[in-house]
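Heads up: the structure comes next, in structure tokens.
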Amino acid sequence: MRTLRRLLIGLLAALTLTALAVALSIPLGWELAPDRVAALTNVRVPGGGAGAVAAYLARPPGEGPFPAVVMIHEFWGLREDIVRKADALAEEGYVVLAPDTMRGRSTAWLPTAIYQTATQAQEDVNADLDAVFAWLAARPEVDPERVAVIGFCYGGRMALRYGLHNPQVALIGNVYGETETDVARLRALPGPLLGIFGAEDRMIPLADVRAFERALEAAGATFEVTVYEGVGHAFIDAGDPRAAGGAQAAAWAQIVRFLARHL
């Protein structure tokens, strides 16, 4: 009995220390994050809920007018992989703006990423994206009628929600983000929608993707949803998507084709 009691006390102590370590790691990570984000951004967009939105701007050479894309990062915050994607898309002839929707918070630590996503208010994101979208559309090299919003993971969910918020969005890309099955809401989609998912994704199960497709059909939406076999969540998040091969390169090529066709 004493041995069992000691084991239980030890287990409780270990769990308490683990929880304390996780709790302390979240603010510590945020203390370091602003410098990481600042190193990746090259513009500050006035407006938004915090007064300005830091972002990374990539653009093709020439005067335009070019189509444009607001690209929303994953739940980690703004990181190098989104900057690489923005640069790759700019080489295809798009002006790309990747905003920091976490307002200086960025992490590689999963508990922090989960916490900052769970505490992110949609109205705050919409306020920042309203400022970002208007600023991008007003640039002289951008065609204001051809501005899309595309996101990955958390960013895919935010792209979908923002598209339902702003009727000026010309195209939505939801890349392995949460889906929507409310047909009445989906009828408000302002333009074509691209959805890309992995068949082995445990965060966005295949059943949810199929329900999303059925709801889009019922809403009369223009859409293209593709499920890539043999891959899970966030399968386009490593390295240069054009050179990666396999599902990652195929999915990136699909994004480029869909933009060329519909934007």
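The values are calculated or read from the model by the stated rules, or taken from the named source; none is laboratory data. None of these values were measured; they are calculated from a predicted model. Here the Cβ is made from the backbone with ideal geometry for all residues, glycine too, and neighbour counts use every protein chain on show.
Considering the conditions (1) within 19 Å of residue 252 (Cα to Cα); (2) assigned to a helix (DSSP H, G or I); (3) touching a residue at least 60 places away in the same chain (Cβ under 8 Å), residue 133 is excluded by exactly one of them, (1). The number of residues in the stretch 173-199 that are part of a loop (DSSP other than H, G, I, E, B) and under 16 Å from the mean Cα position of the chain (by Cα) comes to 5. Entry remark, the stretch 32-55: residues being out of contact with any Asp or Glu (no Cβ under 8 Å at 6 or more places or on another chain), closer than 20 Å to residue 84 by Cα and either among the charged types (D, E, K, R) or modelled with pLDDT under 95 (or both) number 7 in total. Name the one entry in 211, 260 that is surrounded by fewer than 17 Cβ atoms within 10 Å (Cβ to Cβ), at pLDDT 95 or above, of a type outside the set (Lys, Arg) and closer than 25 Å to residue 81 by Cβ. The unique qualifying residue is 260.
Hey, residue 100 hits all of (1) within 16 Å of the chain's Cα centre (by Cα); (2) of a type outside the set (A, V, I, L, M); (3) closer than 22 Å to residue 253 by Cα but one; which does it fall short on? Of the numbered conditions (1) within 16 Å of the chain's Cα centre (by Cα); (2) of a type outside the set (A, V, I, L, M); (3) closer than 22 Å to residue 253 by Cα, the odd one out for residue 100 is (3). Evaluating residue 225 against the criteria (1) hydrophobic (A, V, I, L, M, F, W, C); (2) surrounded by fewer than 19 Cβ atoms within 10 Å (Cβ to Cβ); (3) out of contact with any Asp or Glu (no Cβ under 6 Å at 6 or more places or on another chain) leaves one unmet condition, (3). The single residue among 202, 146, 139, 210 that is part of a strand (DSSP E or B), farther than 19 Å from residue 123 by Cβ and of a type outside the set (Ser, Thr, Tyr) turns out to be 146.
A quick yes/no check of all residues on (1) out of contact with any Cys (no Cβ under 7 Å at 6 or more places or on another chain); (2) of a type outside the set (Phe, Trp, Tyr); (3) not in a loop (DSSP other than H, G, I, E, B):
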position: 37; (1), (2), (3): yes, yes, yes
position: 44; (1), (2), (3): yes, yes, yes
position: 48; (1), (2), (3): yes, yes, no
position: 56; (1), (2), (3): yes, no, yes
position: 64; (1), (2), (3): yes, yes, no
position: 74; (1), (2), (3): no, yes, no
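Within the stretch 197-218, identify whether any single residue is touching a residue at least 60 places away in the same chain (Cβ under 8 Å) and touching a helix residue (DSSP H, G or I) at 6+ places or on another chain (Cβ under 8 Å), and answer yes or no. Taking every residue of the stretch 197-218 in turn, none turns out to be touching a residue at least 60 places away in the same chain (Cβ under 8 Å) and touching a helix residue (DSSP H, G or I) at 6+ places or on another chain (Cβ under 8 Å).
Scanning the stretch 228-257 for residues that are of a type outside the set (A, V, I, L, M, F, W, C), in contact with a strand residue (DSSP E or B) (Cβ under 9 Å, 6 or more places away or on another chain), in a loop (DSSP other than H, G, I, E, B) and surrounded by 12 or more Cβ atoms within 10 Å (Cβ to Cβ) returns 232, 233, 237.
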